[in-house]
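The values are calculated or read from the model by the stated rules, or taken from the named source; none is laboratory data. Just so it is clear, the model here is predicted, and its values are computed rather than measured. Please note: Cβ atoms are built from the backbone with ideal geometry, for glycine as well, and neighbour counts cover all protein chains shown.
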Amino acid sequence: MDLFLQEISDYQFSQALMQLKLNQLNTRQKFIWTIERSNRFSKICAVCGVATVTPSIIQRYFKDNSADRQIISSRLQKHRLKLLSHYRVDKLQNCMGGEGSEKWREETFRGYRDSEIRDLLQE
């Protein structure tokens, strides 16, 4: 009898937990890529090197805490695919990022320091 009650309470607990998770998913606000957010994202990618930038680097400079890693990862993947299509190449290079990526054309350039990136991203 005790085992039967234990199974029922485990089942009720798992149902309540599942309902709580569903409620959290439904209340989470959808992230919308505004023009300002898109421009900031593109500029971060260009300055940090579109071929080598990672979602965690983008998050560091993005200023918007409502964009989680998954949202940024997805956007980065789409951004890279768009650039591959635009330049009609098989492999991206850091100099293909657009505004802010000019320095990447220099052979000796290995990237900006953190303070330089912050200065370049000032608006």
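Pairing each residue of the range 81-95 that is within 20 Å of Val47 (Cβ to Cβ) with any residue that is hydrophobic (A, V, I, L, M, F, W, C) and not in a loop (DSSP other than H, G, I, E, B), provided the two are 6+ apart or on different chains, yields C-beta distances under 7 Å for Leu83/Met96; Tyr87/Met96; Leu92/Leu83; Leu92/Leu84; Asn94/Trp104; Cys95/Trp104.
Can you find a residue that is under 11 Å from the mean Cα position of the chain (by Cα), touching a residue at least 40 places away in the same chain (Cβ under 8 Å) and either over 26 Å from Phe109 (Cα atoms) or surrounded by 17 or more Cβ atoms within 10 Å (Cβ to Cβ) (or both) anywhere in the range 27-40?
Within the range 27-40, the subset under 11 Å from the mean Cα position of the chain (by Cα) is none.
The answer is no, given that none of the residues of the range 27-40 is under 11 Å from the mean Cα position of the chain (by Cα), touching a residue at least 40 places away in the same chain (Cβ under 8 Å) and either over 26 Å from Phe109 (Cα atoms) or surrounded by 17 or more Cβ atoms within 10 Å (Cβ to Cβ) (or both).
Any idea how many residues of the range 17-48 are aliphatic (A, V, I, L, M), farther than 23 Å from Asp119 by Cα and either assigned to a helix (DSSP H, G or I) or at pLDDT 95 or above (or both)? Before the answer, list the steps.
Initially, the range 17-48 is screened for residues aliphatic (A, V, I, L, M), giving 17-18, 20, 22, 25, 32, 35, 44, 46-47.
This time we only want the ones that are farther than 23 Å from Asp119 by Cα, so: 17-18, 20, 22, 25, 32.
Pick out the ones that are also either assigned to a helix (DSSP H, G or I) or at pLDDT 95 or above (or both) and you get 17-18, 20, 22, 25.
Here the count works out to 5.
For the range 92-118, a residue qualifies if it is among the polar types (S, T, N, Q) and within 12 Å of Val50 (Cβ to Cβ), and the qualifying residues are Gln93, Asn94, Ser101.
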